[in-house]
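**Q** My structure is below; once you've seen it, I'll send some questions.
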Amino acid sequence: MDTVTQALLGGAVGYMVAGKKSPRKAVLWGAAIAVLPDLDIFIPHETDLASMTLHRSWSHSWFVQTAVAPLLAILFHRFDKTFSYFSWFLMTWLALITHSGLDALTVYGTQLFWPLMPSPVSGGSVFIIDPTYSIPLLIGFLAVLIAPDKIISAKLMRYTFAFSCVYLTWGLLAQQWVEHQAESAFAEQGIEIDHMQVSATAFNTLLWRVIAVNDEHYFEGFHSVLEGRQPIILKTYDRGAELMDKVEHYPAYKRIDWFTSGLFKLELQGDHIVASDLRMGMEPSYFFRFNIAEKGQHQYIPSIPNRFPTNNHREEGVRWVWQRIWNPAVEFNPQLN
């Protein structure tokens, strides 16, 4: 999730581990430790595709975090004797692994098991920014920061942290329910799919997006939990299968396929073959699109896989999501705006 939310979660974890000893220090240290994995964004990479697929890799690995936590705890303990070494270790380890665990619940993709290389974990049960999750944590964090010794501050921190855990659990349960609805919809329509992702839409866990692929097509649908068991309307789109044979042996294609677990499409844009990550965005607007090949004299040749310009229609999309939660008839037609 966003770095601010990760800091707030880390502050809550720090408080739960060492808040009795020094509440303010515990939340501040927990917050500081929790943002460490996201410092990988400052590492330069040669291409945009590398930047995308190497973010949330080694720095977010539970293996790496478990290995470095004892070493960081030694360093922190030498710097500040307020907490015992064991408290430092527990705070550090939990702040790091909960950071990665929370990221893994979003759709982006987190390499929890690096250097092993399964496709990144892309949960999708919570959006990358969700005020319903973050604001309660902020309330508890500020309460301890402003009045660390007040009983009300301790209660607010415990209650808001508990609420955040319940909210994540709700997201997982709602996602599973929508997945069941989507599987039924595909079965009823006789559609065979290779992979499906159900993910929370922007800033909420009420409206869910269904995206699925097979060899030739991809399918998109939306379902609000307020709709109950109403059928999910699925729209079918060409996935660019005829282009895959031309580029499937190129490293950029293989990287996209691995990172998205196959949830991507190819399309021609002039002389370029462009790959779009279908998990992030919605038809026809996708946030991550990469130029992976261009037309040569006799065949398509690999391109430097940098971002391809796109109109993401972000503001229209957010407005549509809010309307779609309550009204299943509303259509997303950004080209009409």
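The values are calculated or read from the model by the stated rules, or taken from the named source; none is laboratory data. Since the model is a prediction, treat every value here as computed from it, not as a measurement. Here Cβ is always computed from backbone atoms with ideal geometry, including for glycine, and neighbour counts include all displayed protein chains. All accessible areas refer to the heavy atoms of the entire protein, side chains included, with ligands and DNA or RNA removed. Shrake-Rupley method; radii C 1.70, N 1.55, O 1.52, S 1.80 Å.
**Q** What whole-number distance in Å separates the alpha-carbon centres of region 260-323 and region 36-113?
**A** 30
**Q** How much of the accessible area of region 81-208, probe 1.4 Å, is carbon plus sulfur, in whole percent?
**A** 72
**Q** Related question: For Asp245 and Glu331, FRET efficiency with R0 = 25 Å and r from the beta-carbon atoms, rounded to 0.05?
**A** 0.15
**Q** Given a 1.4 Å probe and heavy atoms of the protein chains only, how would you sort Asp2, Asp130, largest accessible area at the top?
**A** The most accessible residue leads, giving Asp2, Asp130.
**Q** Would you kindly calculate the translational diffusion coefficient of region 263-337, applying Stokes-Einstein with the Kirkwood radius from alpha carbon pairs, for 37 °C and a viscosity of 0.692 mPa s, and quote it in µm² s⁻¹ without decimals?
**A** Roughly 236 µm²/s, to the nearest whole number.
**Q** Now a separate question. May I have the extent of the alpha carbons of region 291-332 along their three principal axes, as whole Å values ordered from largest to smallest?
**A** 51, 18, 11
**Q** Quick one: accessible area per residue over region 231-337, 1.4 Å probe, rounded to a whole number of Å²?
**A** 55
**Q** Mean separation of Cα pairs under 8 Å and 6+ residues apart, divided by the residue count of the chain: what relative contact order is that in percent?
**A** Worked out over the chain, it gives 13 percent.
**Q** Here's a follow-up. Normalised by the number of residues in region 34-111, what is the relative contact order in percent for Cα pairs under 8 Å and 6+ residues apart?
**A** For region 34-111, the relative contact order is 37 percent.
**Q** If every alpha-carbon in region 149-301 counts as one equal scatterer, what log10 I(q)/I(0) does Debye give at q = 0.18, 0.19 1/Å?
**A** These q points yield log10 I(q)/I(0) values of -1.04, -1.12.
**Q** Right, another one. How large is the direction-averaged shadow of the alpha-carbon convex hull of region 4-149, in nm²?
**A** 9.0
**Q** Jot down the per residue volume, in cubic angstrom and as a whole number, of the convex hull over the alpha-carbon atoms of region 108-187.
**A** 123
**Q** As a test of the formula, what do you get for the chain when each DSSP H run with n ≥ 4 contributes -39,500 (n - 2.57) and the sum is divided by the residue count, at 222 nm and rounded to the nearest 500 deg cm²/dmol?
**A** -15500 deg cm²/dmol
**Q** Can you give the accessible area per residue of region 86-185, in Å², using a 1.4 Å probe?
**A** Result: 45 Å² per residue.
**Q** How much length would be gained if the chain were fully extended between Glu188 and Gln230, taking 0.36 nm per residue of separation minus their Cα-Cα distance, in nm to one decimal?
**A** Gain on stretching Glu188 to Gln230: 13.8 nm.
**Q** Continuing with the same structure: Largest first, what is the accessible-area ranking of Trp258, Trp58 with a 1.4 Å probe?
**A** Highest to lowest solvent-accessible surface, that is Trp58, Trp258.
**Q** Same structure again: Between exposed GluC sites (Glu not before Pro) in the chain, where DSSP calls loop and at most 13 other Cβ atoms lie within 10 Å, what's the longest gap?
**A** With GluC sites (Glu not before Pro) excluded where exposed in loops, the chain gives 47-191 as its longest stretch.
**Q** Okay, moving on. Based on a Kirkwood Rh over C-alpha pairs, give the Stokes-Einstein translational diffusion coefficient of region 128-170 at 10 °C and viscosity 1.306 mPa s in µm²/s.
**A** Calculated translational D: 153 µm²/s.
**Q** Could I ask something else about it? Simple spin-label model, 7 Å along Cα-to-Cβ: Leu71 to Leu268 in nm?
**A** Computed distance between label sites Leu71 and Leu268 equals 5.2 nm.
**Q** Number of Lys-Lys pairs in region 195-306 under 15 Å by Cα, sequence gap 8 or more or different chains?
**A** 5
**Q** If packing is taken as the average count of other Cβ atoms within 10 Å, what order do 60-71, 86-97 fall into, highest mean first?
**A** Packing order, densest peptide first, comes out as 86-97, 60-71.
**Q** Sticking with this one: I need the semi-axes of the equivalent ellipsoid of region 217-295: take the C-alpha gyration tensor, multiply each eigenvalue by 5, square-root it, list largest first in whole angstrom.
**A** 28, 12, 11
**Q** Within the chain, what's the longest run with no trypsin sites (Lys or Arg not before Pro) in a DSSP loop and at most 13 other beta-carbon atoms within 10 Å? Give the range, please.
**A** 230-337
**Q** Go through [x] 0.97; [y] 1.13; [z] 1.02 and flag the label whose value is the computed Rg/Rh (Cα atoms, Kirkwood Rh) for this structure.
**A** [z]
**Q** Using a 1.4 Å probe on the protein heavy atoms, what percent of the accessible area of region 219-337 belongs to carbon and sulfur?
**A** 51
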